[in-house]
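Taking it in order: structure first as structure tokens, then the write-up.
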Amino acid sequence: MLAAVVLLTLAQRVSPASPWWLELTRYLPYPMLLAPVAAALVASCWLGWRWLLASLATLALVATLTMGLVWNRTEPGTSPFRLMTYNIKGAKAAQRAGGLAELAREIARHDPDIVLIQDAQGMSSGLPGPQTPEALLFAGRERYRVGQYVIASRFALRDCAPGWLPVRGEDVGYLRCTVNVRGVDLTLVSVHFESPRSGLNAARREGIDGIAEWRHNYEDRLDQAQLLARAFADGPRPLVIAGDLNAPQASPVVQTLLATGLRDAFASAGRGYGYSYGQALRVGLPFLRIDHILVSDAIGVAACEVGDGAPSEHRPVVADLWFRRP
């Protein structure tokens with residue numbers, strides 16, 4: 001049991017390629033990995049101190065490297081600005097009594113200067129008076145919306161337009177804008193890659209028969225990442241790509257974007273696990289970090305954290321950013 005967990009962790013971290021079966025293991029709830037280690041720890045009590053130490057070391061490995069623990073020092077910069085990415089599941093929030101107000105309070109609690117939103121479709125007003133959901137959520141910010149995406153900013157937006165990531169005949173897109181932050185032009189991209197839900201459900205319920213659907217699902221997400229990477233490679237401005245990438249950082253989906261020179265804000269300046277998804281599932285606990293803020297080298301990251309998981313199925317990711325002067 002110890003060897004299996006160690007080998008799986010090493011494969012997930014250092015494998016130069018990620019076949020479908022390895023990618024599938026990245027979505028395992030961490031209690032499923034802790035269970036065999038805990039069982040081995042109990043068994044080691046009857047096997048001597050060497051086995052006990054090996055079990056404790058494996059438990060430490062799972063709690064840190066396997067589960068994605070990071071612990072960074074704060075790196076304050078000059079003239080920071082705060083950016084949030086948030087999959088708000090707007091349709092579900094609108095159907096829940098007080099759901100939109102909960103989202104508004106969560107956004108107000110972090111008070112971001114720039115908000116990149118996904119899954120904003122399906123919000124009907126249902127609010128007293130003439131107030132719209134957008135006005136409630138993004139008060140005091142200029143807004144631009146296309147489909148499921150909203151970019152809201154206290155700084156002026158310009159050149160906003162949707163982009164397309166055609167995969168297997170479907171147009172899965174993103175929204176980009178240029179914003180001038182204290183004299184520096186910044187390119188913002190809000191994106192939402194294809195959900196792994198259908199592939200995961202097929203693999204879980206149908207076994208071998210569902211593997212083909214999972215493989216297509218994974219390949220679609222990887223294709224989207226490759227198309228997005230090409231679209232913004234070697235851009236003229238500092239760049240932020242943020243959103244629900246539906247993949248952990250170690251996945252080739254995210255690594256494809258990081259290979260262009262981007263950095264993950266939480267991996268650079270976060271503390272803890274940074275899980276943004278899972279609390280609404282049967283597990284009842286967040287166990288995946290699939291929402292990301294990726295920044296180019298011209299942008300420093302002073303701090304990064306995740307918010308509350310009550311208003312949406314996803315926790316928001318919030319980063320304090322600053323510009324590195326040449």
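The values are calculated or read from the model by the stated rules, or taken from the named source; none is laboratory data. Keep in mind that this is a model prediction, so the values were computed, not measured. As a convention, Cβ positions derive from the backbone with ideal geometry for all residues, glycine included, and neighbour counts pool all protein chains shown.
One residue alone among Thr64, Thr58 is in a helix (DSSP H, G or I), of a type in the set (S, T, N, Q) and under 23 Å from the mean Cα position of the chain (by Cα), and that residue is Thr64.
Out of the residues in the stretch 67-95 meeting the condition of being assigned to a strand (DSSP E or B) and polar (S, T, N, Q), tell me which one is surrounded by the fewest Cβ atoms within 10 Å (Cβ to Cβ). Steps first, please.
Just the residues of the stretch 67-95 that are assigned to a strand (DSSP E or B), to begin with: 70-71, 81-87.
If we keep only those that are polar (S, T, N, Q) too, we end up with 85, 87.
Working: Thr85: 30, Asn87: 25.
Checking each candidate, the answer is Asn87.
Scanning the stretch 5-34 for residues that are loosely packed, with under 13 Cβ neighbours inside 10 Å and closer than 19 Å to Ala60 by Cα returns Leu7, Arg13, Val14, Pro31, Met32.
Residues checked against (1) within 30 Å of Asp111 (Cβ to Cβ); (2) outside the structural domain of Thr25 (by TED's automatic domain parsing); (3) not β-branched (Val, Ile, Thr):
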{"residue": "Tyr218", "(1), (2), (3)": "no, yes, yes"}
{"residue": "Ala267", "(1), (2), (3)": "yes, yes, yes"}
{"residue": "Tyr275", "(1), (2), (3)": "yes, yes, yes"}
{"residue": "Ala280", "(1), (2), (3)": "yes, yes, yes"}
{"residue": "Ile290", "(1), (2), (3)": "yes, yes, no"}
{"residue": "Asp308", "(1), (2), (3)": "yes, yes, yes"}
{"residue": "His314", "(1), (2), (3)": "yes, yes, yes"}
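Going by what's in this entry, would Pro311 be described as part of a loop (DSSP other than H, G, I, E, B) and either of a type in the set (A, V, I, L, M, F, W, C) or buried (at least 24 other Cβ atoms within 10 Å of the Cβ) (or both)? Spelling it out, Pro311 is indeed part of a loop (DSSP other than H, G, I, E, B) and either of a type in the set (A, V, I, L, M, F, W, C) or buried (at least 24 other Cβ atoms within 10 Å of the Cβ) (or both).
To keep it simple, each residue is scored yes or no on (1) out of contact with any helix residue (DSSP H, G or I) (no Cβ under 9 Å at 6 or more places or on another chain); (2) not assigned by TED's automatic domain parsing to the domain that holds Gly274; (3) not aliphatic (A, V, I, L, M); (4) not in a loop (DSSP other than H, G, I, E, B).
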residue: Leu53; (1), (2), (3), (4): no, yes, no, yes
residue: Leu103; (1), (2), (3), (4): no, no, no, yes
residue: Gln121; (1), (2), (3), (4): no, no, yes, no
residue: Gly140; (1), (2), (3), (4): yes, no, yes, no
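Within the stretch 94-104, which residues are farther than 13 Å from Glu134 by Cα and touching a residue at least 12 places away in the same chain (Cβ under 8 Å)?
Residues of the stretch 94-104 farther than 13 Å from Glu134 by Cα: 95-99, 102.
Those that are farther than 13 Å from Glu134 by Cα and touching a residue at least 12 places away in the same chain (Cβ under 8 Å): Gly99, Glu102.
Just so you know, in the stretch 263-301 the residues that are β-branched (Val, Ile, Thr) and at pLDDT 95 or above include one that is farthest from the chain's Cα centre (by Cα), and it is Ile299. I'd like the full set of residues that are part of a strand (DSSP E or B) and touching a Phe, Trp or Tyr at 6+ places or on another chain (Cβ under 6 Å), limited to the stretch 188-228. If the condition is that a residue be part of a strand (DSSP E or B) and touching a Phe, Trp or Tyr at 6+ places or on another chain (Cβ under 6 Å), then Val189, Ser190, Val191 are the ones that fit.
Scan Ala108, Ala152 and give me the residue that is surrounded by fewer than 18 Cβ atoms within 10 Å (Cβ to Cβ), at pLDDT 95 or above and aliphatic (A, V, I, L, M). First the steps, then the outcome.
Working: Ala152 fails: surrounded by fewer than 18 Cβ atoms within 10 Å (Cβ to Cβ).
So the residue among Ala108, Ala152 that is surrounded by fewer than 18 Cβ atoms within 10 Å (Cβ to Cβ), at pLDDT 95 or above and aliphatic (A, V, I, L, M) is Ala108.
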